[in-house]
Amino acid sequence: MSPESTGQNEHYLHVARRRFRAWRGDRPFWAGLFTILGGAPIAYFPYADLHLGNMTLTMSTTAGAGSLIIGVLLITLGLTMWFHHIVRVFAGVAAILLALISIPVANIGGFVIGFVFALIGGALSVSWAPGETGSDEDPLDEQDPRRTSLEKDLPYEDALHGAAVPQQAAGPDPAADADAGRHRAG
C-alpha cells in the first residue's frame with residue numbers, strides 16, 4: 001500500500017456508513033421507516049398477550065384478521081418506498097388510506113400509535129422529491145463529459161440559442177398554388 005491510496009486505508013465501517021448515507025439519500029428513507037413503524041403495532045396489538053404476574057390478558061378481538069392485513073400491507077408499502085422509490089406517491093397515498101382505515105378496523109389504529117406513524121410516513125412519501133444532481137451555479141459545467149463539443153464552444157447563455165423551431169424558407173409554395181390553397185378533400 002502506498003500513501004497515495006487513501007481509499008484502501010479507510011475502515012470498513014466508514015465505507016459502509018458512507019454507502020448507507022448515499023443509499024438513504026436517493027429514496028424516501030424516513031417515509032418508509034415511519035410507515036413500517038406504523039404497520040408493526042397495528043398488526044401486533046390484536047395478537048398480543050400481556051402477562052401480569054399469574055394473570056394473562058389476551059387482546060384478541062374480531063379485528064384480528066383486518067389488523068393483520070392492514071399491518072402487513074403498511075410494512076410492505078414501507079419496503080416499497082425504500083426499494084422501488086419510483087412509486088413513492090402511490091405508496092404514500094395507499095399508506096395514508098390504510099392508516100385511516102385502521103382507525104375503525106384495527107383497535108383505533110393500533111392504539112393511535114400505528115395510525116400516527118403510518119400517516120406521517122405516507123405524508124413524507126407523497127412530499128418527497130429526488131435531489132437534483134450537479135451544481136446550481138453552472139448546470140453546463142465545462143468538465144461535464146455529457147456536453148457536446150458545440151456546447152463547449154458556446155457560452156452558457158448561447159448553448160440553447162439554436163434549439164428553437166426551425167424557420168421555414170421564404171418564397172412561394174408550389175403545392176399551395178396548385179389547388180388554390182385548399183385541401184384535396186375540400
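Things to note:
- For the stretch 68-130: rounded, prolate or oblate by the Cα gyration tensor [a/c cutoff 1.5]: prolate
- Take each peptide in 106-119, 63-76, 43-56, count the other Cβ atoms within 10 Å of every residue, and average; sorted highest first, the result is 106-119, 63-76, 43-56.
- Length released on extending from Phe83 to Tyr47, taking residue separation times 0.36 nm less the Cα-Cα span: 10.1 nm
- Each residue, Leu100 and Arg21, gets one label point 7 Å from its Cα in the Cβ direction; the gap between the two is 3.9 nm.
Only the coordinates and a few stated rules stand behind these numbers; no lab work does. Only a predicted model underlies this, so the values are computations on that prediction, with no experimental measurement involved. Cβ coordinates were reconstructed from backbone atoms using ideal geometry, including for glycine residues, and neighbour counts include every protein chain displayed.
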